Structures are given as structure tokens and as C-alpha cells.
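For reference, the structure discussed in these notes is given below.
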Amino acid sequence: MALTRRQFLKVAATSTVGAVAFVACSTPQDEFLIQSPVKMPEDLVAGADNWYASVCRQCPAGCGTIVRVMEGRAKKIEGNPLHPINRGKLCARGQAGLQALYHPDRLRGPRRRVGERGSGQFEEISWDEGLSLLLSRLKELQGKGQADTLLMVTDPVDGHLALLVKRFLRAFGGQHLVYEPMEPTTLTTSLQRTFGQDLIPHFDLENTQFLLSFGADFLETWLSPVAYGVGYGQFRQGNRRRGTLVVVSPRFSTTAASADEWIPIKPGTEGVLALSLAYVILSQGLASPQVAQAMTGGAGVGALESFRPEAASTITGIPARDITRLARDFAQQRPSLAIGGGPAAAQSNGLFNLSAVFALNFLVESVGQRGGVLNNPSPAIPDVGPASYNSLADWVGLEERLRTGQPRPVNLLLTRNANPVYGLPSQFASALSRVPYIVSFSSFMDETTAKADLILPGHVYLEEWGNSVPNPGPGFETIGWQQPVVNPVGDTRSFPDVLLALAQGLGGETERALPWSTFRDMLWEGAKSLHQRGSVRAADFESFWIGLLQRGGWWDTTARGGQQTTKAPVLPREPRLPSFSGEGDFHLILFPSISLGDGRGAHLPWLQGTPDPLTTVAWQTWVEMNAQSAQKMGLQEGDVLAVESPVGVVEALLYLHPAIPPGVVAMPMGQGHDAYGRYAQGRGANPLSLISLPKDSDNGSLAWAATRVRIRKTGQRVKLAKLEGFVTPTQLPGTEIVPEAQVTR
Amino acid sequence: MQERRDTSFPQINQDLLRGVIKTPIWFWLVLGALGMVVLGGAGAMGYLFYVGLGLTGLNWPVMWGAFITTFVFWVGISHAGVMLSAILRLTHAEWRRPATRAAEVLTVFSLATAALFPIIHVGRPWRALYWIFPYDFARGIWPNIRSPLIWDPAAIFTYLTGSSLFVYIALLPDLAAARDHTTGWRHTLYSVISLGFRGTARQWRLQVMGGILLSALILPVFVSVHSIVSWDFGMTMAVSGWHVTIFAPYFVIGAVHSGVAAVVTLLALMRWVFGWQDYIRREHFDALGRLMLVVSTAWLYFFFMEFLFALYSGESAEIALREMQVFTPPWSYFFITFLLTAYFIPVPLWLFRGVRRSVPLMFLTSLSVNIGMWLERFLIFVPGLARKQVFTFDWYTYRPSAVEITIIAASFAVVALGVLLFSKFFPLVPIYDVKEGEVFSTRIEVGRRKVPAVVREE
Amino acid sequence: MSEEYKWGMVVDVDRCTGCQACVVACQVENNAPLSSEESFQRRRPMQWIRIERYWEGEYPHIKARFLPLLCQQCGNAPCEPVCPVYATYHNREGLNVQIYPRCIGTRFCANNCPYNARFFNWVEHQWPPVMANYLNPHVTVRPRGIMEKCTFCIHRLHRAQRQAKGEGRVLRDGEVQPACVQTCPTNALVFGNLKDPNSRVSSMVQDERHYRLLEELGTEPSVVYLKKVVPGGRAS
Ligand SMILES: Nc1nc2c(c(=O)[nH]1)N[C@H]1C(S)=C(S)[C@@H](COP(=O)(O)OP(=O)(O)OC[C@H]3O[C@@H](n4cnc5c(=O)[nH]c(N)nc54)[C@H](O)[C@@H]3O)O[C@H]1N2
Ligand SMILES: Nc1nc2c(c(=O)[nH]1)N[C@H]1C(S)=C(S)[C@@H](COP(=O)(O)OP(=O)(O)OC[C@H]3O[C@@H](n4cnc5c(=O)[nH]c(N)nc54)[C@H](O)[C@@H]3O)O[C@H]1N2
Ligand code: SF4
Ligand code: SF4
Ligand code: SF4
Ligand code: SF4
Ligand code: SF4
Ligand SMILES: [Mo]
């Protein structure tokens, strides 16, 4: 049908778009022009959008994405509806990825340091120059037989990139350390001990009836928040009876806010509570006799005598009758599920706490059951697994090695998107400065990169190839496939491509270990073992590869985790109590910000401007303090408080929190950057600098919830940048803006 | 009864044209000072237009603030002039004669100043023409006559036109007098604008009839203007503190309250500045004082009614709003100040004849009323928005910024400057009216004194 | 009125966790200006959808309630009649739409929106040049001095409708979603056509938990909320 001009105008004018467009005809020049006509790649059609499936790398969860690209620019990231982890959904951080891609302070090309180290003076060089500088360093080490003095520090890397790094270092020599301030080593160790699995299991909260969380803030940052968010929605209002969530935590977290009941607990006593629950369950005969026998080593409930609710009550601060009630609910409303993490793990007795918590799942026979703990299968491609982590103990070892040069010094440090200088206590930063040559492959000028001698900036994730093996997985074999969605914005190169180029430049064994010229080739070859089964079916591999990219990954819902092999653990007979550092009046609980995470998101203004769900504060670092006790101390909102621990002082603004226990203060992580771009630099404080090293933790991980602090008023006052208004928001009597319903469904 | 000396017609001319003919040094000083303030305000306004409303203290959800307050304040002031002139003229109140001109002139300048504020206050003043002039009619898009913001300019411009005409007609005989007492370019100017007024019987009759007709016509407009201004708020269903049916009469009476007070202020100044003790006499202040006693008390009644209705509803949002007005600092301070200055200090004083007849005291109390009445509007508008509906999460507060305060201060200078410049070109007291009063007056003997008394022909 | 469409949204407060994903998604999709620290301090952030948090009770028996709030697309929208220039009006599909070029910035509509859903551009917003690359070409970048608010992602609706019309059919349920709905991890937000009796929203608005915000004002919101469920809590 030929559309006449009159008809066109009629159609267009009746639509809003039309109306806006018409009026826009008279838009003056100074008003914003969205799109400028730049050189268009040949395969792109102006005005049509393309969607590319890829993987979110804003946190290690590995959600699948689809990215809308118009005229060569990425416009929107959405969740990949096919991806089994996030099922079409994304969190706030995932949504904000575009700002990393189009960040004005991205490192746009190679640089070489010219001033003092850390002075921030660099000169721009070419890639050829940069690569040959690095290559000559590597060859020098090789020549001197010092290849083992190479150290590589990266963010958690998984999939083929982890394999590439491993092969490179195995062939060349050197050590790999993964930097992750929220290192889940306590969690993974306890899971390993309890369930006998290296991989994090699939917690099937979607199908559970009673969910008991000990500090695992699964609706915020814990492990795989979007996956849990999707599950939580179903748990609440799926087509079955509404599940009950109880959160036990020393702090009123956002997850606690969503709970049906929040039970404040003395920090570090979560394990005692868990064992007291076990005591009640066993003593009231709510567990099967076989399980009871197994878990008490045949001794019966008497073995848990020291966890009687009355005894546990004094330790945990929770009334004995609440413990009994909770235990009964947990045992009776099956399938029930107990998870633990966060502040329960970040204690000197973290391993004890988490092991006790996870053991509860055996007690109610949820292990291996729908609505309980389901094993994840080992990776679909052998050797291509999820990220591994190093604990703080490894970093302590490194610090000693750097300081003493024993057993071997570090002569060359390669770092990529890891920022230990920001996240670790200052002695690490000074130790790292002893390394004679530092090369950074990071995309941003973070604190660690600022110390580098050579910067060979990498792509951000939307520009590069990769794949991801999510951990926790969804209960079956899953690999997300990451493809570049736009051409590189600056003169950057993909880190794996650079490693491959280095391998070729080095020749010899390293080249033989990595016989690919690009990372894409490596992935291509790696994908071959997936062909012929799983979610992508195609006759020839070429089509399979396209299908793999179109779907953003591959999964095989039939390849599930094996049956539980480990027997129910024997519960400990004696409590292990936490020890804290510092003598202050307040127990300090840190928590990763829902938007900035541990600080990795601090460079993105969208995330800086995202209000904390509970305090609604944005852009700043605040101290949460019980409103009543703060007012008794004569404190007001916005007072700048000095928070003092044995190892440091930070200043932050007071938020009068009506829901935090009186003896506890809490601070979000993520701010306090000295570098990392205009939106992060010089803003807020980094509370990690208040945390001293663990003294007696079981596995040497960072006990970031085990510090006591003093609070001092500095006399200054700054206006809080928060969304909520002038009064403490409550529902006025007689009004219904957030009414409650009592529905049993 | 009039308390004054006898004055001959030439003496009246000489006295009342003094300001026009002579230009003393203080005139230049005051002119310069006011001019500076106005320039400062113009600068602030230019800055505001250039940078945008971010320079104000307005926020989400307090989107209207001091500008709108000041808009309503000046509209309120403008109510005195026509009310005094028209009502007093229609009722042949003899004491009106010296007061009318000043009151009318105040009306015109305060109204014109008020009309500036909505334009300053909008986000895109350069497109504000769109608002009242339907230049987009080619698309079939006319202004939205359902919006009180359309009724508002209509009412204001009608009132402005009417009151300007009113002033002009009353001015004609004096312009003629000025023409006859000046030479040179002034003579030419007055010749033109006096429209050939020669004082023939027919001209006088037309002039008087025109005045009376306009008086009758403008009274409904006068009542409607502030009613309509009140509907900018009263029609806002979402702001419970504004959504009140009593607003129209409440606003009108409040406007009269502040307006008459402003006239008193102005008369006291004129009396001092031009030495017009013989024309603006204690009896005038006495009469205005009595008028204000009635008006202010009526106003207080509405104020309490409005409050009572709100509390009577028992709605938690309404009660929270009143709580903010009465108990939350600094609003509570404003509240107390406003009640004291607008009513509880001046009104009891006016009960005393001695106070009403004391020019300095009347000057001070009239100023006090207007401080209070500005605060009254501020207290109606801002807390209503700051406590809008039951979404306590959104509740906020507001404080005007330096830019807003500068512009508002300048608006006072603009009005003062207008009246001052007017006084330079035209007599601020209607000469012919005073003379007319003289003609109508006879002398009666009171004891040993002969005093003028007035008879009116019917 | 349109025969085929009346758009509506259901917000299940029992699912919402306050995670802010919808908030960021909306900002990305709709070219929202960057809300600076100062904008929060001066209380002028731009969040077409925001999560309000209400406290209930006292420590330790305290609860936080999250309420996602966006333009309710009122059937009888109080923001509309007060606009002197018809910059905000009702379209045929029941949406309250905003025409930026016409708006002169009186802010009267915002005063008359009971839900505080309207946001004013107090300042001219700027993006560093590189960042402007992500701006959505289907959504106008608003200059200073004008009002804006949630549009139900009308540009998505129009594109999808045009597509469907070309194929000679009406939109299928779930075929088009606003950005906030699309990303909400817990599926607390559901969007659809209220004129379609078989759509998810049509059945959800019948849920026994349904309520509308400030229903007594007669604004006839197109956003329907489902109550938070409290086991053993007080019934309402
Ligand atoms: N913001 C905003 N957007 C609008 C509009 C608006 O008013 N405001 N208006 C809309 C309307 S009504 C229209 S028609 C479109 C117009 O949008 P476009 O179709 O983009 O029209 P132009 O930009 O005028 O011209 C298109 C290109 O054609 C090239 N050209 C000129 N002559 C020839 C020729 O002989 N052969 C070839 N091959 N190329 C030629 C020009 O150099 C130019 O690069 O924009 C629409 N978009
Ligand atoms: N100098 C110059 N001239 C040009 C062009 C150029 O680039 N430069 N471009 C040419 C092109 S490509 C085009 S398409 C034409 C466009 O030229 P026109 O067709 O004149 O387009 P407009 O003037 O934008 O809008 C058309 C009419 O629609 C009305 N209208 C808008 N919205 C509504 C509504 O909601 N209801 C009703 N009833 N009416 C409405 C407007 O008032 C106007 O009368 O201009 C052409 N002329
Ligand atoms: S959970 Fe992690 S991977 Fe998933 S969307 Fe959020 S940031 Fe991305
Ligand atoms: S995305 Fe969904 S769950 Fe998260 S805050 Fe928004 S509505 Fe609530
Ligand atoms: S919610 Fe507010 S902005 Fe939206 S239609 Fe209703 S009144 Fe208008
Ligand atoms: S701010 Fe704009 S949309 Fe709102 S009433 Fe004024 S002109 Fe209309
Ligand atoms: S519907 Fe669209 S415009 Fe409205 S809040 Fe959601 S994302 Fe924003
Ligand atoms: Mo066109």
C-alpha cells in the first residue's frame, strides 16, 4: 500500500512519537542532538537495532545478557531470557555495564610510566612498543632463569581464560593470584567439607518452603543475586504455598528487610544458633532416627548438650523460646533450606559457623532434594571450570615473599582488573611497590594500575570474547558464551589476545602450549566438545557455533549434578566462639554495597547514583547506627563520625538507622578510591582499612565482620545524599500505601 | 468633618504639584538606591534565566516556593487600590479624596510586578508566550482553558487593564492642571496625554461618569482576581493543604487586609516626604485603621475556619501538615511571627483611637501586617507541598536561595521605583478631587473655631 | 479510546526486594540524566521509578517495606487538566503522555500529581562526550526547564505496535515490556494490556491482594499493587 504524505502525517500525528517528532522540527540547535551521523560499519542498518547475546561481567555470577546495538553503539543490556542463571533478568550492576564501555576515563591506549612510580605521569606509546617492552622483560626473566619470579594478579577468571592463564604460567613459569576482596573461600571450604563438592551447589530456593539464611544476603550481592532473585520471586508468589524466609543476621540487611522475620544475633554466634536448632530438632524428635544417629556420631542428642536453647540464648542473644520456635518451623515446614554467608562467614570462627549452618540441611533431609541443596555437575568441558579464589592467607604469604624476597622475589607483576592496592591493608600496597616492574592490563586507572610501569589496557567485557562457567550453576551443565557486541571504543586489546601474542613472541614451550593466534580461535576449538548434545543442536560445527553465540551459551539440562556421596557430617560438641579485634563500644559490620559491590562499581555514575535500598543514600559512605542510641549520644544525621579500629580511622556520615541493633554499626564497602576515574576518586571512605588481619581464622580468610570500633564525633556535618525525605517514612495511621494481607496460598 | 487648615486653590496646586515640579536631592538618592536594587534583581533574573531554576531552592516535591508566594503577595497588595477608590467613590466616602490616587497607582505597579513572577518562575520563560497566546493554533492546539493557569493571566490582565484605565481617567483633570503649570517639553507631554481636557461641564460629566462606571465594573473583577489566584491552589486536588473551597473569599479578604495596610504605609511616606500634612491627615489614618479592624478580623475568621476544617477532617496527612506549620521549626517560628505581625500585634493597637491617629504607629503596624501576610502565603504554599499526600517518604522542606531572595527584594524596589517615578510626573494626590472636596465644604462654627464641614449635593 | 489497548502494570509488593534493578534499567532505557551527589542533597534526583522504603514498628520488631513507585498512568489524571499548554495529555491507549517541546515548566502538573511521579529538569544535564554514545535514539534527551515522568516506555510500545500492525495483528501478551519490568529479577512487575481479558495483568488485577494507591482520590490508576503478605500478621 502506498502511503501518501497526508496519510503518513495522519498516522504519525496521532501517535506521541509523531507529535514529539513534529515539534522537534522546531527544536533549536542548542538542544541536545542524540545521534550524530558517523561512519557506519557496512553491516549495520541505520535505525535498526541488533541484539547480541553475551555475558555480564560486572560480578562473578555470570548472568547471560542480550545487548541492543544500534549503529555500532551499545544501547541497552538486558537479561538473556534463555540463560538458565538469570532467566532474562539483570541486577542494577548488570544494567549499568554500558557506562564501563563508554566511560570518559577509560584507558584508551598503551602508556609507559615517565614520572615517579605512583605519580600518575605516563606517556602514550604504541601497542608494538608496549608489547615489545613487555616481551623483552619476559625474555630477560627467561634468560636469567627467573621465569618463576613472574606473578600474575587477576580478578576471578573462569572458562577458557582461566585455562589460558594456567597454561601460560605453567609453560612460562610464575604464580597466579586471584584477587577478590569478598573471597568466598570460607564458604567454599565449608561447602566442600559439608557436601563433599568443589563446586558451589544449587540452592533451590525457588522450591523451598522454609528458607533460613544466616547472613547470606542472597538478594543483594551473595554469589548469584539475580538467580536468587528470580527464585525468590517464585518462592514468594509462585503457584504453590508461599514460602517463609527467616534471616538471622547481626545487621538489618536488605535481605533481612524482605524476610518474614529478622532475628538479630550477636556477631559470630551463628554457628551456635545453628547447632542449638539442631539440638531442638533432635531432642523433639523432628529428625529421622538414622539422621540423628549419623549426625551425633551415634551419641544421640546428648552430644549437643552444650547447645541447649538456654545456653545458646546467652551466647547468641536470642531468647530460648524463639530458638525452639524457629527450630520447629524449620524442621516441620519442609522442604526447608539453610544457607549462610556474609557476616557469619567473615569471622575468626567463620568455618565453624558455616559448617554448622549447612549441616542443618542434612538434618531436615534437604540435601539432594527439590527445594534443598542440589549438587552441580563438574564442568561440561574438562579443565574449563569456574573461577578459583585465593584466600587472604595467600596474600599474607605474598606480602612476606615481597618483603623478604624469600623463597623467591617477584621481578615482574602482571595485573588485570584486580585492585589489591585499594582493597588490601596498606602493607600490601607498599610491598607491591617493591616489584621492579609492574604491567597492568586493566581497563581503568585504578589504584593498582596507577602504580604500574607499563599499561596495556584491556577491553571491557562488551568488547571481547570469552565464556563463563557460573559458580554456583543452575544444577546442570552450563556455559555462558561471551562475544564482543561492539567494536573497541579505544585503542585497547583483549587481555587473552595479548597473552596469546606474548606466547607467540616468546616461542618455545609457551608457544606450543598456546597454539592459537586469537582467543576466539581457542574458544572455537574449545566449543567443539559441546557439539552434539545440550541446548544447541546443529548438523555442522559452523552452525553450532552460530547457534551458541545466538543463544549466549550452552547448557544441558540433563547433565545434572550427581547424587550426594558425602554422608551427613557429625555435628561438633563444643561451640567455637568468635574473637574480635579492637576494644571499641561498637561491633563493626561491613557489607558490600548492592550497587558498588566491593568497590568495583564505584566508577560508574549510574551505580553511584543508585540509592542503597534501606538507607537510600547514594554517592557517599555512611555509618549505620541505631537511631535511638545515636540520639542519646547527641548525634545527628550527617554528623561526620571518625570510626576508629586498632589499625585505622575512617570518616563517614551518620545515618540514623531505626533497625540496626544498638551495639552494632555498619558501613558499606565500595567508596574511598584515590583513583578509578572522576566518579569514584576522592569520594567517601574505604572501611576495609579498618579491618586487621585474621589471627585465628581456620582458613586464613579475611574476617571483615570481626572488628570492634570506637566512634568519635569530628564536629563536621555534611548533608546526606539520600532519596528519602525530611521525616522518617512510616505509614500514617489510617492510610494504606503498603498494606499487609494475610493470605495463605 | 475634616481636620485641616483652609487652603486656597493656588496653594493646593502648589502643594500637590510640588513633587512634580521640584526635584530635590533626596529624590536622586532614593532613585539611585532603588535603581541599584532593581539592577541587582535584573542581574539575578538574567543569571536565573541563563542557568535555570537549579539556582533556586526548589526541589522534589516543593516545586513552588518564594516566587509564587511573592506573586500572590503582590496581587494581594494590588487589591487595596481599586477597592478603596471604587468602593469609597461609589459610597461617596468623603475622606477618600487624598488616598485614592496613591492606592490606585500602587495597584497598577504591584499588579504589574506580580505578573512578572509567574514568568520568572517557569522553566522556560522564553516560551512562556505559548502559555497565554495560542500561537500554536495552526495545529489546532489552543491553551487549555481547564487550567487555572489560563484563568489566572486572563484575570490579572483584565484587572491590570481596568485599573490602569481607572487611574488614567482619574488623572485627566490633574494632567490638564499640570499642563497649565508647565512649560517646554513637559508642557507638550502633558498636553498630549491630557487628551484635551479643558474642564468644560461636559468633560467633567464624562470624567465623573467614567469613574463611577469603571468603579462599578471593576469591583467584580477585583473580587474575581484573587479568587482565581486562589484557585491556582484550590483546584490542586493532590495538595490537601491547598484543596480547600474556602480559599477564594479567604484570599480576597487577605488581599484586602494586606492591600489596605500597604496603602497606609504609602500614605504615611507621602505625608512625610512631600509634607502633605494638610492633605493626608490623621483622620484618614483613623478611617483606614477602622476599616482594617473590620477587614483583618474577617480575615482571621477565614484563617481559623481553614485550619478548623483541616483538623476536623482528622486525616493524618492534614494533621501532619498542620503539625509542620505549627510545631516544626523554622516553620513554627514563621507561624508565630505571622500571627503576631499580621493580627495580634496591630489589631489590638488599632482599637485605640490614639494609635489610629498616630502616623508613625500606623506606619509601623501597616508594615508589620505585610510582613505577616507574606509569611502567611509562604506558610500556606510551602508546607502544603512539603507534606503532600501520605507518601511520607517524599516529604521534604524548602529554603529560598540567594537568587530567589535577591529577585524578591528587587520586586519591592520595582514597586517603590514605579511609585516614585510616577510621583515625578503626576501628582500622587488627585488635585481636582481635593479641590472638589473644598468646593463641597462649608465652614461651621465649633466653639470659637471655624472648621470646614462638608455638604454633598445629591 | 483505542479499541485494542489499555496499558496497565501490576506491582507485587510481596515479591519486590528493593534491589533497584528497575531503577537503573529505567534510567538506561530512558536517557535519564546522571543523578549527581548534589542532586540528592538538594533532593532533585531523576527516578521515574523509585523504591520508597517505609519503616514499620520499632527495633527489634521492625520491618521495612519497599514500594516501587512510578507514574500510575491515571485514567483520570489530575496532572492533565492543570497544564495550561496541553504538554501533558491522555492518549488513546490510556496513557498520560508528556510532550516535551510544548512544556514551559510551570510545574503545576507536578503539584497536582498525588504520587509525586513527575520530575522537573532543574538544570541542563550533560554527558561526557563518550558517554553520550549509549543514549537511546528512540527517547528524547530532555533540556532544562521541563517536566518529565515515566512513559510506560511508550517508544517500545509504539515500535512493537507498528511491527504488529504491519503483520496485521494486535500485540500478544508479554510481547513488549517496559525496561523496568523486563529486568526485575523477582518478577515483581508485570506489564500488559488490560483490554485483553486473557493477559496476565488482567487476571492479576483480580487477585484478592490487589489495591491501588490513593484510590479514594478517584485518579483511576493503571498501576495495580498486590499487598505484601504477612504470615500471621494483621489482616487488612
Ligand atoms: N529530530 C528530528 N528528526 C526527524 C525530523 C525532524 O523534524 N526532527 N524529521 C523527519 C522527517 S519529516 C524526515 S523526511 C527525515 C529526513 O531525514 P533524512 O532522510 O535523513 O533526510 P536528509 O538528512 O535531509 O537527507 C538524507 C541524505 O541524502 C543525501 N542526498 C541528497 N541528495 C541525494 C541524492 O540525489 N542521492 C543520494 N543517494 N543521496 C542524496 C543527503 O546528502 C543526506 O545525507 O527526518 C525525520 N527525522
Ligand atoms: N527549510 C526546510 N524545509 C523543509 C524541510 C527541511 O529540511 N528544511 N524538510 C521538508 C520535509 S522532509 C518535510 S516532511 C516537511 C515537513 O513540513 P510540514 O508537513 O509542514 O511539517 P510540520 O510543519 O512539522 O507539521 C505539519 C502540521 O502538523 C501539525 N500538527 C502537529 N502535531 C499535530 C497534532 O497533534 N494535531 C494536529 N491536528 N496537527 C498537528 C502542525 O501544526 C503542522 O501544521 O518540510 C519540508 N520542508
Ligand atoms: S548478578 Fe552479577 S553477573 Fe548477574 S547481572 Fe548482576 S552483576 Fe551481572
Ligand atoms: S527490580 Fe523488581 S524487585 Fe528490584 S526493586 Fe524493582 S520492582 Fe523491586
Ligand atoms: S501518576 Fe501523576 S503524573 Fe502519572 S498520570 Fe497520575 S497524576 Fe499524572
Ligand atoms: S510543567 Fe509543563 S507539563 Fe507541567 S503543567 Fe507546566 S507546562 Fe504543563
Ligand atoms: S515503564 Fe519505562 S519509563 Fe516507566 S518506570 Fe518503567 S522503565 Fe521507566
Ligand atoms: Mo520529511
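Brief remarks on what is shown
- In the set (1) under 24 Å from B:W395 (Cβ atoms); (2) part of a loop (DSSP other than H, G, I, E, B), C:Q126 fails one condition alone, (1).
- The lone exception for C:Q73 - which of (1) facing chain B (nearest Cβ under 8 Å); (2) on the phi > 0 side of the Ramachandran plot it fails: (1)
- Among the conditions (1) open to solvent by less than 10 Å² (accessible area, probe 1.4 Å); (2) closer than 23 Å to B:A114 by Cα, the only one that B:D394 does not satisfy is (2).
- Within segment C:176-187, residues that are within 7 Å of another protein chain (Cβ to nearest Cβ) and on the phi > 0 side of the Ramachandran plot sit with their Cβ atoms under 9 Å from residues that are open to solvent by less than 10 Å² (accessible area, probe 1.4 Å) and within 9 Å of ligand 7 (Cβ to nearest atom), at 6+ positions apart or across chains, in these pairs: C:N187/C:V181.
- Any chance B:P153 is in a helix (DSSP H, G or I), at the interface with another protein chain (Cβ under 9 Å from one of its Cβ atoms), more than 16 Å from ligand 4 (Cβ to nearest atom) and not basic (K, R): yes
- Qualifying positions in segment A:419-459 - open to solvent by 10 Å² or more (accessible area, probe 1.4 Å) and closer than 30 Å to A:Q550 by Cβ: A:H459
- In the set C:K228, C:K149, only one residue is of a type in the set (K, R) and within 16 Å of ligand 5 (Cβ to nearest atom); that residue is C:K149.
- Scanning segment A:702-723 for residues that are within 24 Å of C:A117 (Cβ to Cβ) and more than 7 Å from chain C (Cβ to nearest Cβ) yields a total of 1.
- Which numbered condition C:M147 misses (of (1) on the phi > 0 side of the Ramachandran plot; (2) in contact with a Lys or Arg (Cβ under 6 Å, 6 or more places away or on another chain)): (1)
- One residue alone among A:V718, A:V709 is in contact (Cβ under 8 Å) with a residue 40 or more places away in the chain and surrounded by 18 or more Cβ atoms within 10 Å (Cβ to Cβ), and that residue is A:V709.
- The criterion of being in contact with a Ser or Thr (Cβ under 9 Å, 6 or more places away or on another chain) and either within 7 Å of another protein chain (Cβ to nearest Cβ) or within 16 Å of ligand 4 (Cβ to nearest atom) (or both) holds for C:E52.
- Hits in segment C:115-135 (condition: more than 8 Å from chain A (Cβ to nearest Cβ) and either polar (S, T, N, Q) or at positive phi (or both)): C:N116, C:N121, C:Q126
- Restricting the first member to segment C:101-113 and to residues that are farther than 13 Å from C:V82 by Cβ, and the second to residues that are open to solvent by 10 Å² or more (accessible area, probe 1.4 Å) and β-branched (V, I, T), the beta-carbon pairs closer than 8 Å and six or more apart or on different chains are C:P101/A:V20; C:P101/A:V23; C:P101/A:T27; C:R102/A:V23; C:R102/B:I141.
- Qualifying residue in segment B:368-384 (condition: open to solvent by 20 Å² or more (accessible area, probe 1.4 Å) and closer than 30 Å to B:R186 by Cα): no
- Taken residue by residue, segment A:56-79 has no member that is within 8 Å of chain C (Cβ to nearest Cβ), within 26 Å of A:T221 (Cβ to Cβ) and part of a loop (DSSP other than H, G, I, E, B).
- Filter result for the condition that a residue is surrounded by fewer than 24 Cβ atoms within 10 Å (Cβ to Cβ) and under 17 Å from A:A344 (Cα atoms), over A:V301, A:V272, A:V246: A:V246
- The residues on offer are A:P668, A:P658, A:P739, and the sole one that is within 24 Å of C:T17 (Cα to Cα), surrounded by fewer than 22 Cβ atoms within 10 Å (Cβ to Cβ) and touching a residue at least 12 places away in the same chain (Cβ under 8 Å) is A:P658.
Every residue, every condition in (1) surrounded by fewer than 18 Cβ atoms within 10 Å (Cβ to Cβ); (2) under 22 Å from B:V252 (Cα atoms), yes or no:
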| position | (1), (2) |
| --- | --- |
| B:M305 | yes, yes |
| B:F309 | yes, yes |
| B:Y333 | yes, no |
| B:W350 | no, yes |
| B:R353 | yes, no |
| B:S358 | no, no |
| B:L361 | no, no |
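- Qualifying positions in segment C:76-100 - within 12 Å of the chain's Cα centre (by Cα) and either at the interface with chain A (Cβ under 10 Å from one of its Cβ atoms) or without any contact (Cβ under 8 Å) to a residue 12 or more places away in the chain (or both): C:L95, C:V97
- Residue match in segment C:132-147 (condition: within 16 Å of ligand 6 (Cβ to nearest atom), aliphatic (A, V, I, L, M) and open to solvent by less than 10 Å² (accessible area, probe 1.4 Å)): yes
- When every residue of segment C:149-157 is checked against the conditions, none turns out to be surrounded by fewer than 20 Cβ atoms within 10 Å (Cβ to Cβ), more than 14 Å from chain B (Cβ to nearest Cβ) and within 16 Å of ligand 2 (Cβ to nearest atom).
- All strands (runs of 3 or more DSSP E) inside segment C:61-104 with 3 or more residues being open to solvent by less than 10 Å² (accessible area, probe 1.4 Å) and within 16 Å of ligand 4 (Cβ to nearest atom): C:61-69
- Unmet requirement for A:R408, which otherwise passes all of (1) at pLDDT 95 or above; (2) part of a loop (DSSP other than H, G, I, E, B); (3) under 30 Å from A:D698 (Cβ atoms): (1)
- Across segment C:20-30, a minimum of one residue is classified as within 7 Å of chain A (Cβ to nearest Cβ) and within 24 Å of B:T392 (Cβ to Cβ).
Yes/no per residue for (1) out of contact with any Leu (no Cβ under 9 Å at 6 or more places or on another chain); (2) under 30 Å from C:Q161 (Cβ atoms):
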| residue | (1), (2) |
| --- | --- |
| C:R53 | no, no |
| C:A64 | no, no |
| C:V82 | no, yes |
| C:Y86 | yes, yes |
| C:G105 | no, no |
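- Looking only at segment B:222-247, and only at residues there that are more than 14 Å from chain C (Cβ to nearest Cβ) and crowded, with 19+ Cβ neighbours inside 10 Å, the one that is farthest from ligand 5 (Cβ to nearest atom): B:F222
The values are calculated or read from the model by the stated rules, or taken from the named source; none is laboratory data. Keep in mind the model is a prediction, meaning the values are calculated, not measured. Positions of Cβ are backbone-derived with ideal geometry, glycine not excepted, and every protein chain shown enters the neighbour counts. SASA here: full protein model, heavy atoms, side chains in, ligands and nucleic acids out. Shrake-Rupley method; radii C 1.70, N 1.55, O 1.52, S 1.80 Å.
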